[in-house]
Structure formats: C-alpha cells, structure tokens
Amino acid sequence: MGGSSLGENTGSVLGDNQHLDITCLKSGPLGGDAQIGAMITERHLDALFFFIDPLSAMPHDVDVKSLLRIATLYNTILAINEATASRIIAQFHGEV
C-alpha cells in the first residue's frame, strides 16, 4: 500500500520492483488510513506494508495508531520496516 498522493509512492515502487499486484490508496491524512482499516476488517488484504519515519512527527499520529491497532486486532501480516517487508516478500515468492 502506498501513502503519497503525488508521484511515486511506496506501493507503486514495491509493486514494480517485486512484480506484486498492489492496490495504492490515498495518503493517510486524506483518508488512506481509513481505507486500509476498512480493507483489513473486510479481509481484503494479504499483507500490509506500512512504512513510517520514526524520527519524524506525524500530524495524523492518531490515525496511524488506530490503523496499527486494527491490523493487530485482525492478525494482519504487517511490515513496518524494510527487514520485515523483505522476509514477507520472500515468503510470498516461496524463497523462505
């Protein structure tokens, strides 16, 4: 899932580089976090890749925490850093 509303985003780059079918959504503050949360509750996600900069303040921090809480509640496969994302992708490709 990507987060940027301008230009390339995480989802499009990841999909192109790893040959994965990825649905990119709106930026978090523009409703993207809510879109992802709805997809989680409806079981429409195989995995969630949600990268954040831990050194930067997020104006929509409450939305992000809510999304992570929903992902945890629904036991969603979740990567919030590159190392975890790489392992999940390898698993999807049958390399683990």
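The values are calculated or read from the model by the stated rules, or taken from the named source; none is laboratory data. Model, not experiment: these values are computed from the prediction. Every residue, glycine among them, receives a Cβ derived from its backbone with ideal geometry; neighbour counts consider all protein chains shown.
Looking only at the range 39-66, which residues are hydrophobic (A, V, I, L, M, F, W, C), assigned to a helix (DSSP H, G or I) and out of contact with any Phe, Trp or Tyr (no Cβ under 7 Å at 6 or more places or on another chain)? If the condition is that a residue be hydrophobic (A, V, I, L, M, F, W, C), assigned to a helix (DSSP H, G or I) and out of contact with any Phe, Trp or Tyr (no Cβ under 7 Å at 6 or more places or on another chain), then 39, 62, 64 are the ones that fit. Checked against (1) at pLDDT 85 or above; (2) in a loop (DSSP other than H, G, I, E, B), residue 91 meets all criteria but (2).
Considering the conditions (1) touching a Leu at 6+ places or on another chain (Cβ under 8 Å); (2) part of a loop (DSSP other than H, G, I, E, B); (3) not hydrophobic (A, V, I, L, M, F, W, C), residue 33 is excluded by exactly one of them, (2). Screening 61, 33, 16, 46 for residues that are exposed (fewer than 15 other Cβ atoms within 10 Å of the Cβ) and within 13 Å of the chain's Cα centre (by Cα) leaves exactly one candidate, 46.
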